[in-house]
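Below is one structure, written out as structure tokens, with a few remarks after it.
Computed from the coordinates by the stated procedures, all read-outs in this text should not be read as laboratory data. Because the structure is predicted, anything quoted here is derived from the model rather than measured. Positions of Cβ are generated from backbone atoms using ideal geometry, with glycine treated the same way; all protein chains shown enter the neighbour counts.
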Amino acid sequence: MKIKVPNNTAQLGVEISDLNLSGEFSDDQISEIRKSWTDYGVAIFPDQKLTHVNFEKFSLLFGNFGDDPYLKSLDDRPNIVEVKRAANEKAPPFGGSWHSDWSFQKTPPSATLLHSKIVPPHGGDTLFANTQLAYEDLDQETKDKIENLEVIHSAGLPYADDGFYATEKVERAMNILPSKKAKETQLHPLVKTHAETKKKCLFINPVYTVAIDNYSEEESFLLLSSLYEHMTQDKYVYRHKWSKDMLLMWDNRTVVHAADGGYDGYERLMHRITVN
Ligand code: OGA
Ligand code: MN
């Protein structure tokens, strides 16, 4: 197993090669992968052809399957979701705004694994921002101010029956299942300590974070906007370029991510599994 640590200001994206993800792993290898992934937020495994079964088997090394609402899974594989966009599609890319997957859940997924099946010749990058570095760099006054705040998360904005996906006017290849349930809310601390690295991170994102609990609408908007602006500065952002048969595993506890477009006229297809 070869491990190449990132060389970017965001300190994200560790490349792990010289191993076969469809093979067997020793406990030491699993711990080493786990440590690389939590230390660098995004683990990159190039050139890995994976059957559905092997994709599932590899993801299960890191925890049980997550619960993926609002997205239809593959017919015979309830834990694999297709993230796809057709060549002639005019809809903005799925996941196109900064977010952390399913942060509105009571226990959001630790990992998301995304495996590339069809990669457009240009564009289609995924952006990742390091919310742990962003937290670390805040001035002490801001750290003190946000230390004990709780924030309200909800899936309503994208997935409610009057939300973004339900009301968009353009066709989408992806099978999205909006629901009334999406307006349910969940509290999380704004500053979360990572269970494994013990480092603090900003656990907020503009898609699912609705407001700061016990703040006025205006105060909440102002503080959240300034934190979003801070944490998505270029110096915290890693731009991931895909190639075919590449597996990415990111840590939803320490990074937010966004799908970039720029590939109109070409198809893109990924398979996704979340880990509880
Ligand atoms: C996701 C997601 C980004 C992308 O699958 O959760 O945000 O680039 N995908 O497809
Ligand atoms: Mn996502």
Quick one: grab Rg to one decimal and Dmax as a whole number for the chain, Cα atoms only, in Å. 18.2, 53
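So what is the 222 nm mean residue ellipticity for the chain from helices alone, if each DSSP H run of at least 4 adds -39500 (n - 2.57) and you divide by all residues, rounding to the nearest 500 deg cm²/dmol?
On the way: 7 runs with 58 residues, N = 276.
Taking each H run of at least 4 residues, the total per residue is -5500 deg cm²/dmol.
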Relative contact order for the stretch 141-276, counting Cα pairs under 8 Å that sit 6 or more residues apart, in percent: 23 percent
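Assuming 0.36 nm per residue, please report the length gained on full extension of the stretch residue 181 to residue 217 beyond their Cα-Cα distance. Please list the in-between numbers first.
On the way: separation 36, 0.36 × 36 = 12.96 nm, distance 2.30 nm.
The residue 181-residue 217 span can extend by a further 10.7 nm.
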By how many nm would the segment from residue 234 to residue 72 lengthen if fully extended, with 0.36 nm per residue of separation less the alpha-carbon distance? 55.0 nm
Over what distance in Å are the Cα centres of the stretch 233-272 and the stretch 145-190 separated? 20 Å
For the chain, with +1 on Lys and Arg beta carbons and -1 on Asp and Glu, the positive-most of 220, 66, 12 along the dipole: 66
Using only alpha carbon pairs under 8 Å that are at least six residues apart, calculate the relative contact order of the stretch 156-213 and give it in whole percent. 28 percent
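Could you work out the relative contact order of the stretch 2-271? I mean the mean sequence separation of Cα pairs under 8 Å and 6+ apart, divided by the number of residues, in percent. Numbers along the way, then the final one.
Details: 536 pairs, mean separation 93.8, N = 270.
Rounded, it is 35 percent for the stretch 2-271.
Tell me, in nm to one decimal, what length is gained between residue 168 and residue 195 on full extension, where the rule is 0.36 nm per residue of separation less the Cα-Cα distance?
Working: separation 27, 0.36 × 27 = 9.72 nm, distance 3.79 nm.
Result: 5.9 nm gained on full extension.
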Residues other than residue 21 with Cβ under 12 Å of its Cβ, Lys/Arg counted +1 and Asp/Glu -1, net out at -3
Amide N of the stretch 1-17 lying under 14 Å from the label point, which is placed 7 angstrom from the Cα of residue 28 along Cα→Cβ: 1-2
